[in-house]
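A.B. asks: Supplied in structure tokens, the structure appears directly below.
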Amino acid sequence: MLPKYKRILLKLSGESLMGDSNYGIDPKVISQYAVDIKAVTDLGVQVAIVIGGGNIYRGMNEAETGIERAQGDYMGMLATVINGMAMQSGLERAGMYTRLQSAIKMEQIAEPYIRRRAIRHLEKGRVVIFGAGTGNPYFTTDTAASLRAIEIQADVILKGTRVDGIYTADPEKNPTATKFETITFSEVYQKSLNVMDMTAFTLCQENNLPIIVFDMNKIGNLLHVIMGRNVGTLVKG
């Protein structure tokens with residue numbers, strides 16, 4: 001069978017890299033993700049990645065910390081670059097070629113983000129990691145993922161979480177919650193479901209870019225999604 005998707009953007013949360021810890025990066029999680037990503041790149045799938053920074057720094061209440069919102073957001077962007085460097089190392093240990101591109105210039109460790117260069121890297125089979133969000137405060141890494149996916153003309157956004165899809169309620173708190181196999185953008189709005197922040201979600205809707213929410217921590221799930229198997233929840237239309 002051929003992969004259903006040729007070019008994907010994989011969105012990972014910073015918290016997912018913590019594993020069972022309360023902070024930082026778990027090397028075992030990086031290694032597992034690298035193995036799963038290599039399994040799809042070996043099929044010729046082009047992979048771009050956006051990672052959050054919540055395992056290192058999460059924007060906090062300005063009144064409590066004394067750090068203004070814009071400053072805190074820039075701190076979060078730097079955290080995403082740290083995570084991107086860790087993921088880059090894991091992917092290269094697994095035998096992949098990679099490029100880390102940053103929306104904030106830091107030439108010693110990452111290329112500046114250039115859309116055409118990113119697309120060319122993907123065409124050459126390199127995994128491209130986008131760091132530092134959009135480079136602007138007040139925008140989340142969900143929005144960065146949506147924006148970059150549209151810019152590189154990805155077929156789909158794959159949002160890897162610790163839950164295996166979208167539910168009527170939080171399944172970790174409500175055992176009676178039921179899972180959606182597919183759902184439309186409009187239904188997500190109507191039911192007030194938390195998939196992405198509204199800016200990111202609206203970008204996907206306006207550009208007809210489907211989103212699949214799935215459990216990235218289950219080994220082999222990424223490959224199942226790429227092959228079009230019934231994993232996670234598909235948001236489209």
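A.B. asks: Surrounded by fewer than 16 Cβ atoms within 10 Å (Cβ to Cβ), within 22 Å of E151 (Cβ to Cβ), out of contact with any Asp or Glu (no Cβ under 6 Å at 6 or more places or on another chain) and touching a residue at least 12 places away in the same chain (Cβ under 8 Å), is that true of I51? So that I can check it myself, show each step before the final result.
C.D. replies: Numbers: surrounded by fewer than 16 Cβ atoms within 10 Å (Cβ to Cβ): no; within 22 Å of E151 (Cβ to Cβ): yes; out of contact with any Asp or Glu (no Cβ under 6 Å at 6 or more places or on another chain): yes; touching a residue at least 12 places away in the same chain (Cβ under 8 Å): yes.
No.
A.B. asks: Cβ-Cβ distance below 8 Å, separation of 6 or more or different chains: which pairs start in the stretch 60-75 with a residue that is under 17 Å from T140 (Cβ atoms) and end on one that is of a type in the set (F, W, Y) and open to solvent by 100 Å² or more (accessible area, probe 1.4 Å)?
C.D. replies: Correct list of pairs: R69/Y138; A70/Y138; D73/Y138; D73/F139.
A.B. asks: Name every residue in the stretch 15-43 that is at pLDDT 95 or above, of a type in the set (G, A, S) and either in a strand (DSSP E or B) or buried (at least 16 other Cβ atoms within 10 Å of the Cβ) (or both), in order of residue number.
C.D. replies: A34, A39
A.B. asks: Can you tell me which residue is most open to solvent (accessible area, probe 1.4 Å) among those in the stretch 181-222 that are touching an Asp or Glu at 6+ places or on another chain (Cβ under 9 Å) and free of Cβ contacts under 8 Å to residues at least 40 places away in the same chain?
C.D. replies: Here the residue is N194.
A.B. asks: Okay, moving on. Residue pairs, Cβ under 8 Å, 6 or more apart or interchain, first in the stretch 85-113 and in a helix (DSSP H, G or I), second open to solvent by 70 Å² or more (accessible area, probe 1.4 Å). List them.
C.D. replies: Partner pairs satisfying both residue conditions: M85/I109; G90/P27.
A.B. asks: Might you check whether a residue that is touching a residue at least 40 places away in the same chain (Cβ under 8 Å) and of a type outside the set (A, V, I, L, M, F, W, C) occurs anywhere in the stretch 17-26?
C.D. replies: No, there is no match, as no residue in the stretch 17-26 is touching a residue at least 40 places away in the same chain (Cβ under 8 Å) and of a type outside the set (A, V, I, L, M, F, W, C).
A.B. asks: I would also like to ask the following. For G131, only one of the following conditions fails: (1) surrounded by 22 or more Cβ atoms within 10 Å (Cβ to Cβ); (2) farther than 26 Å from L223 by Cα; (3) in contact with a Ser or Thr (Cβ under 8 Å, 6 or more places away or on another chain). What is its number?
C.D. replies: The number of the failed condition is (2).
The values are calculated or read from the model by the stated rules, or taken from the named source; none is laboratory data. Remember, predicted model here, so these are calculated numbers, not experimental data. So basically every Cβ, Gly included, is an ideal-geometry build from the backbone, and we count neighbours across all protein chains shown. The area values use the complete protein model at the heavy-atom level, side chains included, leaving out ligands, DNA and RNA. Shrake-Rupley method; radii C 1.70, N 1.55, O 1.52, S 1.80 Å.
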